[in-house]
Amino acid sequence: MSLIKSISGIRGTIGGRVSENLTPIDTVAFAAAYGTWLRNNSSKDSLTVVLGRDARKSGHMISSLVANTLVGLGIHVMDVGLSTTPTVEVAVTLAQADGGIIITASHNPKQWNALKLLNARGEFINAQDGEEVLQLAAANAYDFAEVDQLGTYTKKDGYIQRHIAEVLKLSLVDVEAIRKANFKVVVDAVNSTGGLAIPPLLEALGVTCVPLYCEPTGEFPHNPEPLQEHLTDISQLVVEKAADLGIVVDPDVDRLAFVCEDGSMFGEEYTLVACADYVLTKVKGNTVSNLSSSRALRDVTEKHGAVYTASAVGEVNVVQMMKETNAVIGGEGNGGIIYPAAHYGRDSLVGIALFLSHLAQRQLSCKQLRETYPDYFMAKQKIVLTPEIAVDALLDAMVRKYQAAELTTIDGVKINIDRGWVHLRKSNTEPIIRIYTESDSQEAADALAARFIDELRELS
């Protein structure tokens with residue numbers, strides 16, 4: 001069981017001991033630190049925070065603790081209830097709120113939960129702000145409001161519908177072409193809030209939806225990370241229902257993967273590639289993804305005469321690089337689409353609308369569209385951390401070992417080698433070292449990952 005405090009927020013497993021797991025005590029302390037950070041950095045007398053959560057069983061408990069802590073600080077809470085991460089981001093700007101908190105552990109299993117922290121732009125707080133929140137939490141440096149200065153708590157419904165309306169307004173979302181295509185789509189929402197957002201979006205686009213695991217019970221029917229080995233049910237149902245494709249989202253709907261009409265994976269790395277290809281056919285501009293993402297995005301970007309840039313892993317780092325390079329689209333190879341014309345956050349609703357527009361305009365099947373892109377193959381492995389593993393020293397040893405190779409060290413160490421690359425880094429969200437590799441065949445990528453796992457173990 002674990003508790004991870006980082007600039008990205010606080011994430012941990014439910015139950016256990018204080019400071020070792022995500023207990024009520026830790027939840028209150030971190031919510032108080034965030035609320036204090038908001039007050040310290042605002043000249044306003046009255047502050048409002050948008051609060052939303054995915055369907056995890058622990059979500060109501062954690063959300064209640066967060067809401068009442070903020071009210072105790074004199075901050076008004078607008079609770080949008082069961083929602084998606086991108087919906088809360090959109091709600092912050094639509095409501096002109098001062099910040100937001102999403103209660104979700106994203107793709108982690110059900111025993112995990114987390115607080116994701118937003119600023120007044122509906123974007124994740126940056127490293128400097130995150131460090132300030134951590135310092136406030138460590139020092140217990142917060143004062144609560146007196147009785148006449150307590151905040152208010154208000155429930156607000158309808159923001160998923162407002163989010164959908166914002167997606168439909170986007171100029172590159174071709175609703176007419178999608179309607180004419182008469183798509184049939186199977187949706188796996190892993191029994192979380194994607195089941196409240198994706199079917200209504202598809203209905204608004206004129207798409208026939210076949211729901212699979214779309215009841216927001218929080219009982220995940222399979223590992224919620226949208227990887228091929230977890231998606232056998234939707235692959236079979238797409239074929240059985242003669243659907244045009246399948247759509248898979250994670251519990252908080254910021255990661256998006258597609259299944260082709262024959263049940264094969266489009267590839268979560270290619271979600272961003274396809275959406276970027278579509279956007280770049282319409283708009284001139286650059287792209288960004290993180291160091292652990294496929295080089296296929298670079299290839300497609302350069303095909304359109306634009307510039308691709310890699311950032312450190314983490315949505316806030318991708319967003320910062322997108323702003324610096326005036327990127328028109330970006331994201332992460334795990335299926336996260338960031339489209340600035342909508343907002344600076346990973347948004348599966350936007351990704352679905354762009355992808356279906358692309359598919360409809362090209363008049364190709366999902367499988368045919370995938371075949372238009374270069375083939376790269378990735379392996380995504382991990383080593384579980386134990387107290388005796390000194391991660392920084394281990395990565396430094398790898399840098400020394402491969403100092404003659406082409407290296408990038410802005411986030412862990414990425415080593416470019418013949419036929420591919422390997423990226424080694426400590427996870428921000430789990431107590432693991434991630435080992436991502438890419439090559440020109442699955443066998444080569446798997447072999448590369450196995451090789452570096454062995455080398456890491458030897459050095460540790």
Restricting segment 361-372 to residues that are of a type outside the set (A, V, I, L, M, F, W, C) and closer than 11 Å to C260 by Cβ, which is surrounded by the most Cβ atoms within 10 Å (Cβ to Cβ)?
R370
Among the hydroxyl-bearing types (S, T, Y) and either loosely packed, with under 14 Cβ neighbours inside 10 Å or closer than 15 Å to K380 by Cα (or both): does that describe S439?
yes
Condition (residue is in contact with a helix residue (DSSP H, G or I) (Cβ under 8 Å, 6 or more places away or on another chain) and under 30 Å from K57 (Cβ atoms)) applied to segment 307-314: is it met by at least one residue?
no
Given the criteria over 27 Å from K382 (Cα atoms) and either in the same structural domain as S348 (by TED's automatic domain parsing) or under 17 Å from the mean Cα position of the chain (by Cα) (or both), does K282 qualify?
yes
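In segment 54-64, is there at least one residue being closer than 22 Å to A138 by Cβ and out of contact with any Cys (no Cβ under 8 Å at 6 or more places or on another chain)?
Checked against the condition, which is being closer than 22 Å to A138 by Cβ and out of contact with any Cys (no Cβ under 8 Å at 6 or more places or on another chain), segment 54-64 yields at least one hit.
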Only residues that are assigned to a helix (DSSP H, G or I) and surrounded by 15 or more Cβ atoms within 10 Å (Cβ to Cβ): list them for segment 1-31, please.
D26, T27, V28, A29, F30, A31
How about segment 57-77: which of its residues are touching a Leu at 6+ places or on another chain (Cβ under 7 Å) and either aromatic (F, W, Y) or surrounded by 21 or more Cβ atoms within 10 Å (Cβ to Cβ) (or both)?
S63, V66, A67, I75, V77
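Rundown of residues vs (1) in the same structural domain as K180 (by TED's automatic domain parsing); (2) over 27 Å from A127 (Cβ atoms); (3) surrounded by fewer than 16 Cβ atoms within 10 Å (Cβ to Cβ), yes/no style:
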{"residue": "D347", "(1), (2), (3)": "no, no, no"}
{"residue": "L354", "(1), (2), (3)": "no, yes, no"}
{"residue": "L359", "(1), (2), (3)": "no, yes, no"}
{"residue": "K382", "(1), (2), (3)": "no, no, yes"}
{"residue": "P387", "(1), (2), (3)": "no, no, yes"}
{"residue": "L394", "(1), (2), (3)": "no, no, no"}
{"residue": "M398", "(1), (2), (3)": "no, no, no"}
{"residue": "L407", "(1), (2), (3)": "no, no, yes"}
{"residue": "D418", "(1), (2), (3)": "no, yes, yes"}
Candidates T104, T152, T193, filtered to the one that is β-branched (V, I, T) and outside the structural domain of Y34 (by TED's automatic domain parsing):
T193
Restricting to helices (runs of 4 or more DSSP H) lying wholly in segment 332-430: which have 2 or more residues that are modelled with pLDDT under 95 and not acidic (D, E)?
391-401
Any residue that is surrounded by fewer than 19 Cβ atoms within 10 Å (Cβ to Cβ), at pLDDT below 95 and more than 25 Å from I25 (Cβ to Cβ) - is there at least one of those in segment 78-95?
no
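The values are calculated or read from the model by the stated rules, or taken from the named source; none is laboratory data. Nothing here was measured: the structure is a model prediction, and the numbers come from that model. Neighbour counts run over all protein chains shown; Cβ positions are idealised from the backbone, glycine included.
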